[in-house]
Amino acid sequence: MTGCELYLVRHAIAADRGPDWPNDARRPLTAHGITRFQRAADGLVAIGDVSLDAIFTSPLVRAVQTADLLAAAFEAPPPVSVLQALEPGHGPAAVLDALTREPRRRRLALVGHEPDLGELVSHLLGARSPVPFKKGGICRIDVHSLPPSRAGTLVWFLPPRVLRRLDR
């Protein structure tokens, strides 16, 4: 794959861990998290030059819900697929290896979790430390190939508050 825009997305605000959700994989987004991320996704679309060929998501419920909200923000919603390597605990190499086995696409969104997304950003940019993501935050990194043969370029990194402000 050559020339790829990667949009890394941290899932939106989810229900708190605890006795109501003993299985962390099933914790859903909160109503507040859904509303806020819908506005953030609309803000992303409002940037004007963003389109997606596919969205890959962690299999955890909160990530799948976030991916579905992201897809729904586009006039022509891109397909959403689960990528097991985006499940918590998988490193950047596993994610990139899984992406190389997918059909070639130029613009991909990856919906996942912290600290894994921060580690993936660090890996893609050749940085030493993970980059922290707020829930609902999105960044765009352009890479020359998958797997990247050299450091990618950080085009932008937008916290959810900024994305929501773009939705006006």
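Considering only beta bridges that DSSP places wholly inside segment 2-166, some 50 percent are antiparallel. Exposure proxy for Ile141, Ile34: other Cβ atoms within 10 Å of each Cβ, ordered fewest to most, give Ile34, Ile141.
Close amide-amide hydrogen proximity is noted between Gly137 and Arg10, each under 5 Å apart and 5 or more residues distant or on a separate chain (H modeled in the peptide plane; Pro and chain starts excluded).
Subtracting the Cα-Cα distance of Lys134 and Thr153 from their residue separation scaled by 0.36 nm leaves 4.8 nm.
About its Cα centre, segment 42-168 has a charge dipole of approximately 320 debye under the convention of +1 per Lys or Arg Cβ and -1 per Asp or Glu Cβ, with nothing else charged.
Shape verdict for segment 1-51, please, from the Cα gyration tensor: rounded (a/c under 1.5), prolate (a/b greater than b/c) or oblate. Oblate, since a/c reaches 1.5 and b/c is not below a/b. Net charge of the neighbourhood of Asp142, taken over other residues with C-beta under 12 Å away and scored Lys/Arg +1, Asp/Glu -1, is +3. Taking a ≥ b ≥ c as the square roots of the eigenvalues of the Cα gyration tensor, an a/c ratio below 1.5 marks segment 48-148 as rounded.
Hydrophobic, long helices, defined as DSSP H runs whose alpha-carbon span along the helix axis is 18 Å or greater and whose mean Kyte-Doolittle value is at least -0.5, occur in the chain at 31-46.
Mind ranking 51-60, 78-87 by how tightly packed they are, going by the mean number of other C-beta atoms within 10 angstrom, highest first? Present the calculation step by step, with values, prior to reporting the outcome.
Values: 51-60: 20.7, 78-87: 17.9.
Those peptides, ordered most packed to least, come out 51-60, 78-87.
Here, each number is a calculation from the coordinates, and none is a lab measurement. Model, not experiment: these values are computed from the prediction. Positions of Cβ are generated from backbone atoms using ideal geometry, with glycine treated the same way; all protein chains shown enter the neighbour counts.
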